[in-house]
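This report refers to the structure that appears directly beneath it.
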Amino acid sequence: MGIARDSEPEEAAIGVTDLPQRKIGVIKMAATHDLSGPVILEIAGNLYGNCLGRLRRQIGKARRLNKPILIDLGEVTLVDPDSVHFLAEQTRENIKLINCPEYIEPWIHRELQQ
């Protein structure tokens, strides 16, 4: 005799996938520079708010070199609102975003207009 799934209480039927999931950013980051050029911070993967501390530290190191800073977003696949806000703030501080995916650019522009 099997257990009838229809008779289970609704609370018991809720699976783990129904619970709010915490987004975890998965990024690869590399900083490159030569003596005469800018510092380029290359970002790849999912850029979420929980990754921003690492990016802030890299930007801080780059600023100490007194060179222009470029953030290459060409390999970024997903961003969250915190990351969009952060990237917009960086453009206000004279950091240039390059290779920005087309779907991210409008979000950054909207953030800059607020």
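Only the coordinates and a few stated rules stand behind these numbers; no lab work does. Here the structure is a predicted model, which is why all the values come from computation and not from measurement. All Cβ positions, even for glycine, are placed from backbone atoms using ideal geometry, and neighbour counts span all protein chains on display.
When you check LEU35 against the structure, is it surrounded by 11 or more Cβ atoms within 10 Å (Cβ to Cβ) and without any contact (Cβ under 8 Å) to a residue 40 or more places away in the chain, yes or no? The answer is no for LEU35. Counting just the residues of the range 98-114 that are more than 13 Å from the chain's Cα centre (by Cα) and aliphatic (A, V, I, L, M), which one comes out farthest from GLN58 (Cα to Cα)? So the residue we want is LEU112. If you go through the range 93-114 and pick out every residue that is part of a loop (DSSP other than H, G, I, E, B) and charged (D, E, K, R), you end up with 2.
The rows are residues; the columns are (1) under 25 Å from ASP34 (Cβ atoms); (2) of a type in the set (D, E, K, R); (3) surrounded by 13 or more Cβ atoms within 10 Å (Cβ to Cβ).
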| position | (1), (2), (3) |
| --- | --- |
| LEU47 | no, no, yes |
| GLY60 | yes, no, no |
| ARG63 | yes, yes, yes |
| VAL76 | yes, no, yes |
| GLN90 | yes, no, yes |
| PRO101 | no, no, yes |
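So, ASP72, is that one surrounded by 13 or more Cβ atoms within 10 Å (Cβ to Cβ) and touching a residue at least 40 places away in the same chain (Cβ under 8 Å) or not? No.
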